[in-house]
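Structure first, then comments.
Each value in this text was obtained by applying a stated rule to the coordinates, not by laboratory testing. Model, not experiment: these values are computed from the prediction. When we count neighbours, we look across all protein chains shown, and the Cβ atoms used for this are built from the backbone with ideal geometry, even at glycine.
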Amino acid sequence: MKFTKKEKVSSSIPTASLPDIIFMLLIFFMVSTVFKEFRGLPILTPAARSTEKVEAKRNIAYVWADKNNRISIDDKIVPINAVSHVIGEKFAVNRRLIISLKIDKETKMGLVSDIQEQLRDAYALRVNYSTRFK
Amino acid sequence: MLIGKKKKPAAEIPSSSLADIAFLLLIFFLVTTTIDMDKGINLTLPEKGGEQVKIKKGNIANLLINAAGQVLLDNEPISVEQIREVLRQKIGEKGYDNQGKPILIVSIKTARETDYDTYIQVLDQVKLAGVTKISIAEPER
């Protein structure tokens with residue numbers, strides 16, 4: 001009786017397409033990476049339970065305000081009555097602008113209200129109070 | 001005389017290390033990417049000079065916050081943690097409109113000296129209660 005040799009099943013994982021997969025991942029991360037442009041002011045945002053995520057990171061403009069009543073937009077200290085002008089210019093470029101208000105928890109409401117009035121002057125009505133999850 | 005065949009130099013670019021290079025770049029971007037989603041409480045401000053809408057007084061709940069962080073709901077003192085429950089009851093009493101949104105409107109008014117944190121805590125409670133119509137009154141000068 002003749003014994004036929006059993007065919008061996010190839011046990012290697014094909015690695016020819018590995019670079020393609022890696023490149024795809026690489027391109028995804030390259031595209032989705034947003035390098036931080038500025039840091040803003042040192043603040044501590046309040047915590048809230050109804051915190052939601054904001055989509056569309058590219059439509060967001062940040063307005064920073066700390067407890068010493070300083071306001072910063074794009075890393076520049078802006079006086080309160082110039083906020084509407086600065087935001088108005090941004091809003092003219094992008095109509096879907098969302099203003100993220102990064103305000104320190106010890107800031108007084110007077111300043112917050114003044115900023116909101118300035119935003120209303122600039123027709124930038126979509127705001128987001130930046131908070132942490134509680 | 002024997003003429004030896006000239007060896008042809010390899011005309012290929014070695015691609016075996018391509019994956020390694022790509023991996024290195026990938027790891028760099030993985031490490032440097034900060035997917036920090038912006039998060040916070042969304043609110044749409046009213047348009048300036050917009051038309052004034054008349055609302056029945058009974059459909060409004062007034063929240064007043066003073067400079068010390070004390071809260072009045074319809075002229076009665078209340079703690080911040082209780083706001084949600086009381087507003088839930090009020091929403092239930094007033095019912096819902098034909099779009100399924102609560103009829104109740106909450107007006108929040110602060111003093112100019114009120115801390116922003118207190119305001120956010122109150123706004124948080126109002127949002128958690130399910131109120132969709134929130135009016136932010138300007139603080140008095």
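What to note about this one:
- Each eigenvalue of the Cα gyration tensor of chain B, multiplied by 5 and square-rooted, gives one semi-axis; in descending order these are 66, 18, 15 Å.
- With a simple spin-label model that places each label point 7 Å from the Cα along the Cα-to-Cβ direction, the separation between B:I21 and A:E117 comes to 6.0 nm.
- Compared with the dominant Cα axis of chain A, that is its longest principal axis, helix A:109-121 is turned about 80°.
- Label separation (A:E52 vs B:T44): 1.1 nm, computed from points 7 Å beyond Cα along the C-beta direction.
- Restricting the calculation to Cα atoms, the stretch A:47-133 yields a radius of gyration followed by a Dmax of 12.4, 33 Å.
- Amide N proximity, the stretch B:20-55 versus A:F23 label position 7 Å along Cα-to-Cβ, cut-off under 20 Å: B:20-30
- Model label sites at A:A16 and A:R96, defined 7 Å from Cα along the beta-carbon direction, differ in position by 4.2 nm.
- The H on the amide N of A:I60, modeled in the peptide plane, is under 5 Å from the matching H of A:I98, each at least 5 residues off or on a different chain.
- Gyration tensor verdict on the stretch A:43-85 (Cα atoms; rounded if a/c is under 1.5, prolate if a/b is larger than b/c, oblate otherwise): oblate
- Among the GluC sites (Glu not before Pro) in the stretch A:41-129, those located in a DSSP loop and surrounded by at most 12 other Cβ atoms within 10 Å of their own Cβ are A:E55.
- Full extension of the chain segment joining A:S32 with A:N59 gains 8.3 nm, where the gain is 0.36 nm per residue of separation less the Cα-Cα distance.
- Interatomic Cα distance distribution for the stretch A:82-134, bins of 10 angstrom, percent: 24, 53, 21, 2
- Exposed loop sites here are GluC sites (Glu not before Pro) assigned a DSSP state other than H, G, I, E or B and surrounded by at most 16 other beta carbons within 10 Å; excluding them, the longest clear run of chain B is B:52-112.
- Principal axis box of the stretch B:62-137, alpha-carbon based, largest edge first, Å: 39, 19, 19
- Counting Cα-Cα pairs of the protein assembly as shown in 5 Å increments starting at 0 gives whole-percent bin shares of 1, 5, 9, 12, 13, 12, 9, 7, 5, 4, 4, 3, 3, 3, 2, 2, 2, 1, 1, 1, 0, 0, 0, 0.
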